[in-house]
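Q: I'd like to ask you about the structure that follows.
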Amino acid sequence: MKAELLDVPVEVSDREWAEEWAGRLDDLLVGVGDLFGRVETQWHGEMCVRGLLGPVSRKNGWQLAEWAGERVPWNQQHLLDRAKWDVEGVRDFTRRYAVAELADDGVGAGPGGAGVLVVDETGFAKRGKASAGVVRQHSGTLGGVFPCQIGVMCAWATGAGQALIDRELYLPREWTDEPDRCRAAHVPEQRGFLTKPRLAEAMIERALPDLPQEPGKVWVAADEVYGRERAFRSFLEEHRLPYVVNVQANSPVLQRPGWRHAARLVERVAREEDWVELPAGPSQLDTRTWQWWVRRLPGEEEMVDGQAWARWLVARRRLEDPGKRDYYLGWGPADTPVEEIVLVPGARWRVEEAIKLAKSACGMADYEVRSFHGWYRHVTLAQLAAAFLVGCDAATARENGPLARTRYGQPAPTAPVAERGGPA
């Protein structure tokens, strides 16, 4: 007797997708469960993550507890305050999970199919003076100077999407110079003042063992808070990490009077016909195109793992406003095509998308904790929840084809690297 053909519907229903995602979430929570220690803490951690992913209007202790069927928020507050669990272990688990879920078979968000590590900060509006790190300070996220906390974030971006993989809370000198204030917020005694670039370096160093190990397969993008600092760029070079980072217009480029600053050099050398229109990678709506001017800087090439590496000065301007320019310094393999170099600064928006997802869908900014460790606990769990969404979206895209548009990720290039002018 011949076996009949299995009758399976061609289209996948919303219910089937929901069941698939629910199963993936169960697997994730089982994988991370041991890091919470006691069974009760595991249960509260699981309910917190499920609540962060659930239809809760504001994901603070009271509403998460209500969503979990509890009358009071004590268990959720205990999880973020006194409960003993391995928050650094959950952070590392989230990073490994995100890197694995965003594997893209070499399509990449950067040159030669590389992934891009992006660092940036985001503001968390806070009233009062007791929350760790809160002072009146500038936040681009909030659009000015406000009482807020600043979190330095690190995201991993590939052709499959982007996800936050680490976080650090910035403590201004107004805090680190007042030990009593720090003790009241449970800031560790050994934690002194660290600039944002130093916090970024710590996150990058933690991430490196979990990222692709081949030379040139990880690029770094950052705005001028980090890129303008020579020490940060030296850190990347010591770790053999190619980069294209924002610098200020008056950043020194050449040690030559009258030609030192980036803006002055571009003004004197760049002819109108030298500017070329190039796409800098996909955005949420479409591929973004700017005008670019890229030149290698004079000097001896450096040999990195037997390959010649060079430095570049990069300028960018909008088609509709050519007088307004952004400037970048880059360092990487000398044979990297211009079409590929511009993908790195073009990928910097990825961290903004990852932060937006974690805040809007997973309540990363909805916490009501004041302590230093409470901030890290809530933000870490929100990043885990956001990584789950990104992983599900990437898996759905693979079901529909490796370069399909995704909901939380972004559309990958439609042509292989070789067709975009880069090395095959």
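The values are calculated or read from the model by the stated rules, or taken from the named source; none is laboratory data. All values derive from a computational prediction rather than experimental measurement. Every residue, glycine among them, receives a Cβ derived from its backbone with ideal geometry; neighbour counts consider all protein chains shown. Side chains included, ligands, DNA and RNA excluded: accessible areas come from the protein's heavy atoms. Shrake-Rupley method; radii C 1.70, N 1.55, O 1.52, S 1.80 Å.
Q: Can you tell me the dipole magnitude for segment 131-276 around its Cα centre, using point charges on the Cβ only (Lys, Arg +1; Asp, Glu -1), in Debye to the nearest 20?
A: In total the dipole reaches around 300 debye.
Q: Starting from the Cα of Asp81, step 7 Å along the direction of its Cβ; do the same at Ala184; then give the gap between the two resulting points in nm.
A: 1.6
Q: Springs between alpha-carbon pairs under 10 angstrom, Gaussian network model over the chain: which of Val118, Val152, Val390 fluctuates most?
A: Most flexible of the set in this elastic network: Val152.
Q: Another question, then. How much accessible area per residue does the chain have, in Å², with a 1.4 Å probe?
A: With the other protein chains kept in place, the chain gives 49 Å² per residue.
Q: Would you calculate the separation in nanometres between label points at Ala3 and Arg230, each defined as 7 Å from the Cα along the Cα-to-beta-carbon direction?
A: 7.0
Q: With 23 Å as the limit, write out which pairs from Lys126/Lys196; Lys196/Lys356; Lys196/Lys359; Lys196/Lys217 have Cα-Cα distances beyond it, or answer none.
A: With Cα atoms farther than 23 Å apart: Lys196/Lys217.
Q: Could you list the trypsin sites (Lys or Arg not before Pro) in segment 255-353 that lie in coil according to DSSP, counting only those with at most 10 other Cβ atoms within 10 Å of their Cβ?
A: When the trypsin sites (Lys or Arg not before Pro) of segment 255-353 are filtered for loop state and at most 10 Cβ neighbours within 10 Å, Arg271 remain.
Q: I would also like to ask the following. Roughly how many debye, to the nearest 20, is the charge dipole of segment 1-91 about its Cα centre, given +1 on each Lys and Arg Cβ, -1 on each Asp and Glu Cβ, and no other charges?
A: Dipole size: approximately 540 debye.
Q: So, one more: In whole percent, how big is the carbon plus sulfur part of the accessible area of the chain, probe 1.4 Å, protein atoms only?
A: 50
Q: Follow-up question, since we're still on this one. So what is the 222 nm mean residue ellipticity for the chain from helices alone, if each DSSP H run of at least 4 adds -39500 (n - 2.57) and you divide by all residues, rounding to the nearest 500 deg cm²/dmol?
A: Value at 222 nm, helices only, nearest 500: -11000 deg cm²/dmol.
Q: In addition: Let's see if you can work this out: charge +1 on each Lys and Arg Cβ, -1 on each Asp and Glu Cβ, no other charges. What is the dipole magnitude of the chain about its Cα centre, in debye to the nearest 20?
A: Working: 54 positive and 62 negative charges, 359 e Å.
Once rounded to the nearest 20, the dipole reads 1720 debye.
Q: Here's another thing I want to ask about it. For Lys59, give me every one of the aspartates and glutamates with a C-alpha distance below 19 angstrom, ignoring sequence neighbours fewer than eight places off in its own chain.
A: Filter leaves Glu46, Glu70, Asp81, Asp366, Glu368.
Q: Separate question: I need the shape label for segment 334-401. Rule: rounded when a/c is under 1.5, else prolate if a/b > b/c, else oblate, with a, b, c from the alpha carbon gyration tensor.
A: Values: a/c = 3.31, a/b = 1.65, b/c = 2.01.
Oblate is the answer for segment 334-401, as a/c is 1.5 or above yet b/c matches or exceeds a/b.
Q: Can you pull out the trypsin sites (Lys or Arg not before Pro) in segment 11-67 that DSSP calls coil and that have at most 15 other Cβ atoms within 10 Å? Don't skip to the end; give the middle numbers.
A: Working: sites: Arg15, Arg24, Arg38, Arg50, Arg58, Lys59; in loops: Arg38, Arg58, Lys59.
The qualifying sites are Arg38, Arg58.
Q: Hey, how many Å between the Cα centroid of segment 74-102 and the Cα centroid of segment 332-391?
A: Taking the Cα centre of each part, segment 74-102 and segment 332-391 sit 16 Å apart.
Q: Starting from the Cα gyration tensor of the chain, take the square roots of the eigenvalues, sort them a ≥ b ≥ c, and report rounded, prolate or oblate (rounded when a/c is under 1.5, otherwise prolate if a/b is larger than b/c, else oblate).
A: In terms of gyration-tensor shape, oblate.
Q: Taking Cα pairs under 8 Å and at least six residues apart, what relative contact order does the chain come out at, in percent?
A: Values: 777 pairs, mean separation 84.5, N = 424.
Once normalised by length, the contact order is 20 percent.
Q: Convex hull volume of the Cα atoms in segment 1-55, per residue, in Å³? Before the final figure, lay out the partial values.
A: Working: hull volume 6.7 nm³, N = 55.
Roughly 121 Å³ of hull volume per residue.
Q: Shifting gears a bit: Could you work out how far the C-alpha centroid of segment 1-72 sits from that of segment 127-185, in angstrom?
A: Between the Cα centre of segment 1-72 and that of segment 127-185, the gap is 30 Å.
Q: Let me know the shape class of segment 70-171, please: from the alpha-carbon gyration tensor, a ≥ b ≥ c as square roots of the eigenvalues, rounded when a/c is under 1.5, otherwise prolate if a/b is greater than b/c, or oblate.
A: Cα axes put segment 70-171 in the oblate bin.
Q: Within a Cβ distance under 12 Å of Glu66, other residues only, what is the Lys/Arg minus Asp/Glu net charge?
A: +2
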